[in-house]
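Written out below as structure tokens is the structure these notes cover.
The values are calculated or read from the model by the stated rules, or taken from the named source; none is laboratory data. Everything numeric here is computed off the predicted structure, so don't read it as measured data. Virtual Cβ from ideal backbone geometry, glycine too; neighbours counted across all protein chains shown. Areas reflect the complete protein model, heavy atoms only, side chains present, ligands, DNA and RNA absent. Shrake-Rupley method; radii C 1.70, N 1.55, O 1.52, S 1.80 Å.
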Amino acid sequence: MARAWAVGVAAALIAVLLYESALAWVSIMGPAILPPLFLLLSYVVIGAATGHAAVSLTGGPNRAWPAVVVVAVVGAVLIGWGRNAELLHPAMAALPAALGGGACTAVGGWLGLVLPNAYRSAAPSSVLAQLKTVELRARPSARPVSDGGRHHQRRAPVTEPADGPDILEFGS
């Protein structure tokens, strides 16, 4: 779980940089709706990337959630009470703005945790050794048997035994 906390801290630093970028944008362009929307969308993406990276490093979503919690809390605090935060939400109180920012980040993080992750095998072998392996057995399949006609194929069951169970192994 230490890896998940580290991913959360790294993502929180990126959240701070995006927050400062949005403030700079507001100071240059003036108060408009675009910088806060950009910031909220960025926080959804940061949450998703954080969840995805944490799952990759920890081997599963049940161990990766601290990363999402860290980045969602940091996002909420920045948007609600960060330096010059009133520039990003001039017509809104700090608490609703913080809840909105935290919610956007948490939704993105949840998506990062639950969406399929092809890089789950990037987890260290110590983490993967603790996971359960899944045994896959070959199912009997049917082979096409031709009776002379090109469009008239029938399937006959295969009677040969399978070579043995295929074992899905992680980290090897």
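The residues listed here are A53, A123, A64, A91; of these, the one that is modelled with pLDDT under 80, out of contact with any strand residue (DSSP E or B) (no Cβ under 8 Å at 6 or more places or on another chain), among the aliphatic types (A, V, I, L, M) and under 16 Å from M1 (Cβ atoms) is A123. Residues that are within 11 Å of the chain's Cα centre (by Cα) and surrounded by fewer than 24 Cβ atoms within 10 Å (Cβ to Cβ) were ranked within segment 53-66; the one that is nearest to C104 (Cα to Cα) is W65. Among the helices (runs of 4 or more DSSP H) confined to segment 1-118, the ones with at least 1 residues that are under 29 Å from Q130 (Cβ atoms), in contact with a Gly (Cβ under 8 Å, 6 or more places away or on another chain) and not small (G, A, S) are located at 34-58, 61-81, 94-114.
Annotation note: Cβ proximity below 8 Å between a residue of segment 68-95 that is open to solvent by 20 Å² or more (accessible area, probe 1.4 Å) and a residue that is not in a helix (DSSP H, G or I) (sequence gap 6+ or interchain) occurs for L87/P31; P90/P31.
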